[in-house]
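Peer 1: Here's a structure for you.
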Amino acid sequence: MKKVDRIMGYKLGRYDTNGDLELLDIVNSNDKDKAKLAYEQLKEKYKCAIWVEKTEFIDPEEEFN
């Protein structure tokens with residue numbers, strides 16, 4: 001069985017005034033440059049620190065066999 005490429009993505013957001021994470025954008029792509037562009041646009045728009053969370057989907061049937 002051939003291992004399928006993992007699906008990568010990025011979640012971007014900022015911290016709310018009460019300290020909670022506020023999700024602003026999701027980039028569903030393996031392309032790091034798209035995430036960088038989204039980061040720069042959000043940083044310019046909101047004029048604050050932007051957090052980035054890298055996400056990865058792993059097929060459990062393939063990963064644990």
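The values are calculated or read from the model by the stated rules, or taken from the named source; none is laboratory data. Quick caveat: nothing in here was measured; it's all calculated off a predicted structure. Because the Cβ atoms are built from the backbone with ideal geometry, glycine has one as well, and the counts that use them run over all protein chains shown. Surface areas here come from the heavy atoms of the whole protein model, side chains and all, with no ligands, DNA or RNA. Shrake-Rupley method; radii C 1.70, N 1.55, O 1.52, S 1.80 Å.
Peer 1: When ligands, DNA and RNA are left out and all protein chains stay put, how many square angstrom of accessible area per residue does the chain have with a 1.4 Å probe? Kindly include the intermediate steps, with their values, before the conclusion.
Peer 2: On the way: 5430 Å² over 65 residues.
That works out to 83 Å² per residue.
Peer 1: When a/c is below 1.5 the answer is rounded, else prolate if a/b is larger than b/c, else oblate, so apply that to the chain with a ≥ b ≥ c taken from the square roots of the Cα gyration tensor eigenvalues.
Peer 2: Cα axes put the chain in the oblate bin.
Peer 1: 222 nm [θ] for the chain, helices only, -39500 (n - 2.57) per DSSP H run of 4+, per residue, to 500?
Peer 2: On the way: 2 runs with 19 residues, N = 65.
Taking each H run of at least 4 residues, the total per residue is -8500 deg cm²/dmol.
Peer 1: Sticking with this structure for a sec: Can you tell which of LYS47, LYS11, LYS32 shows the greatest fluctuation in a Gaussian network model of the chain with Cα springs below 10 Å?
Peer 2: Comparing LYS47, LYS11, LYS32 in a Gaussian network model of the chain, the most mobile one is LYS47.
Peer 1: Leaving out same-chain residues fewer than 8 places away, which aspartates and glutamates sit with a Cα under 16 Å from that of LYS47?
Peer 2: By straight Cα distance, LYS47 reaches ASP16, GLU22, ASP25.
Peer 1: Summing +1 for each Lys or Arg and -1 for each Asp or Glu, what net charge is found among the other residues whose Cβ lies under 13 Å from the Cβ of LEU23? Present the calculation step by step, with values, prior to reporting the outcome.
Peer 2: Values: positive: LYS11, ARG14; negative: ASP16, ASP20, GLU22, ASP25, GLU53.
The answer is -3.
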